[in-house]
Amino acid sequence: MKIYFLFLIILISCSVENRTVENWEVIIGREEKIKLKTSGVSSGVPFKYSYLTDNRVLIFDSFHRSVDTLLYYNGSFTLLPGNQLPLEGPLGVPNFINFWACGSTLYFLDNKSITIFNKYEDENKVLYFSELDFFGKSGIVAVSRGDGFNFNYPSFDCDSGNIFLAAKNVHSGLSGILQFNFRSNDFRLMEFQLDNEEIKKNTVSLPMGLGVINFPDVFLSRDNLVVSYAFKGNFHVYNRKYNSWRNYDHYAEQYPLAKNLPQEILPSYSNHQGMAILKDWQDDVSYGSFGQLGERYFFRVVKGRKHNEGVNLFLELFDITFRKVDEVNLTNLQPQLGTRWLVLENELFIFSKNQPKEDELAYYKVAIQKKNVND
Amino acid sequence: MRYTKKNKFRFLIMAFGLFMVSSTAFPCGGTYYACGEDDVLDMGMDALLNCCEGSTMSFYDVCSEQAYLLVVPEDGENSSCAP
């Protein structure tokens, strides 16, 4: 009898873990617009951005090749034009996938290297990932972010001098998380095994080399490094203070927990047949990278599986211990919401998916608050 | 030099192609914008011709909101690495 009782207690304690859903209220404001004025930033093209302070974000104007500043002050946005970046020469910055700022130095990440730019220096420093033997054998090492639909790489810590990157040896298919400290110039592969088998299963590319992006996503929040995937909801959190990793199993009520595995692309397939398979994989559920709102909760935007009527977007909310507390259908609240967002002064702004004027960036302010128990 | 601000979107999509025919230093890295599957494939084929093995670049299809990664599998015949 005691054994049955013990089993019952274990069963109850297992089933309630991580399953508490609280009632949170998400309120979408009216559509507002950021005037882009003379900036070359177009609302029709996603821009790369990097947070500078709580109310300033650097935006790369790819039209003029300048680093502009978007300032959020007293509830309104102002875009301030910045200096142009040279493309060639000793201080030339080639095309890149993301960038960060620390003091007077800018760090530009390409899929294969980091360029360190300081206008007060004579020339840039460039670090090539291919020179680093991280995966046991030589090969092409590429770096990317995972979700492909929000153009930020929030894994940079100016204070400690750390950049965390998801990297992959494209020959062996092995992935890992790199830590680069730009103060000590130290690069290392973190001692954490990603789910490489699952990443490989979700890798699909045409024979010409064009493929889907399925790198892990990294998000840094103080001592916590969150590693998540676009193709599944499960994620890991590394605590830098205690040097410990923890895996978080995910659950969802309104969308799949993971993408279906991609169909194999046979050598006889044409590029267009192959592209149809790449698109099918992308049209399946897709988990965005994490963001943080103040000291209270984390969030991420999830693109539901595409269906005839389109795509539903969801907002997943997590408390400060990474326990999921709610999932909200954003599309039901405001069908015009897109997948790109910004957090400034602890407020979430989601850009509209329809941007009819390229000199105006339409957005919605999203307020999140806990529902009153008596509601 | 600042460009006049007309059709920035079209400019960005064309930028990759213009680089391919007008510059000896091909932009074999970074993120490029496309509109539609044919555009993505055309950009990819241009990169295969003009970039060295291991060149890696991202393509973002603005019209379908889908992203792709291209890793050039061998030295392109017009690339600086061509034998």
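Since every read-out is calculated from the coordinates, none of them should be taken as a lab result. These numbers were taken from a predicted model, which means no experiment stands behind them. Every residue, glycine as well, gets a Cβ built from its backbone with ideal geometry; the counts of neighbours run over all protein chains shown.
Answer rounded, prolate or oblate for the range A:60-207, using the Cα gyration tensor with square roots of eigenvalues a ≥ b ≥ c: rounded when a/c is under 1.5, else prolate when a/b is larger than b/c, else oblate. Because a/c hits 1.5 or more and a/b exceeds b/c, the range A:60-207 counts as prolate.
For the pair A:SER160/A:ASN23, report the inter-label distance in nm, with labels modelled 7 Å from Cα in the Cβ direction. Computed distance between label sites A:SER160 and A:ASN23 equals 3.9 nm. Under the simplified labelling scheme, the A:ASP319-A:ILE116 pair shows an inter-label distance of 4.2 nm, with each label point 7 Å from Cα along Cα→Cβ.
Ranked by how many other Cβ atoms sit within 10 Å of their own Cβ, fewest first, the residues B:MET45, B:MET57 fall in the order B:MET45, B:MET57. Of the residues A:LYS324, A:LYS371, A:LYS279, the one with the fewest other Cβ atoms within 10 Å heads the list, and the complete ranking is A:LYS371, A:LYS279, A:LYS324.
A convex hull fitted to the Cα coordinates of the range A:165-277 yields 132 cubic angstrom per residue.
When the helix-only estimate is applied to chain A (DSSP H runs of n ≥ 4, each -39,500 (n - 2.57), divided by the residue count), what is the mean residue ellipticity at 222 nm, nearest 500 deg cm²/dmol?
-3000 deg cm²/dmol
Legend: calculated FRET efficiency, A:LEU87 to A:ASP280, from the Cβ-Cβ distance at R0 = 35 Å, rounded to 0.05, equals 0.40. State which entries of A:LYS125/A:LYS168; A:LYS125/A:LYS241; A:LYS33/A:LYS353 exceed 21 angstrom in Cα-Cα distance in the structure shown. In this structure, A:LYS125/A:LYS168; A:LYS125/A:LYS241 lie more than 21 Å apart at Cα. Here the range A:257-314 is described by how far its Cα atoms reach on the three principal axes: 53, 25, 18 Å, from widest to narrowest. In this label model, A:GLU32 and A:ALA367 are separated by 1.1 nm, measuring between points 7 Å along each Cα→Cβ vector. Here the Karplus curve 6.51 cos²θ - 1.76 cosθ + 1.60, taken at θ = phi - 60°, turns the phi angles of the range A:184-198 into couplings of 9, 6, 9, 10, 8, 8, 5, 7, 9, 8, 6, 7, 5, 4, 6 Hz, with x standing for Gly and Pro.
For A:GLN84, no residue has an amide H sitting under 5 Å from its own, ignoring neighbours fewer than 5 places away on the same chain, with H placed 1.01 Å from N. Note that the range A:199-209 has calculated 3J(HN,Hα) couplings of 4, 5, 5, 9, 9, 8, 8, 6, x, 6, x Hz, one per residue in order, obtained from phi through the Karplus relation 6.51 cos²θ - 1.76 cosθ + 1.60 (θ = phi - 60°); glycine and proline are x. 3J(HN,Hα) couplings calculated from phi for the range A:109-120 with the Karplus curve 6.51 cos²θ - 1.76 cosθ + 1.60 (θ = phi - 60°) are, in sequence order, 9, 10, 5, 10, 7, 10, 9, 9, 10, 9, 5, 8 Hz; Gly and Pro show x. With R₀ fixed at 25 Å, the C-beta to C-beta distance from A:SER184 to A:GLU123 puts the FRET efficiency at about 0.75. Average projection, convex hull of the Cα set of the protein assembly as shown: 25.9 square nanometres. Summarising the amide proton neighbourhood of A:SER113: residues at separation of 5 or more, or on other chains, whose placed amide H is nearer than 5 Å comprise A:PHE129.
Extents of the range A:203-329, taken as max minus min of Cα coordinates on every principal axis and listed largest first, are 51, 35, 20 Å. Amide H contacts under 5 Å for A:TYR229: A:ASP217, restricted to partners 5 or more places along the chain or on a different chain, H placed in the peptide plane at 1.01 Å from N. For A:LEU266 and B:CYS63, the FRET efficiency from 1/(1 + (r/R0)^6), where r spans their Cβ atoms and R0 equals 22 Å, is about 0.20.
Shape verdict for the range A:258-375, please, from the Cα gyration tensor: rounded (a/c under 1.5), prolate (a/b greater than b/c) or oblate. It comes out prolate by the Cα gyration axes.
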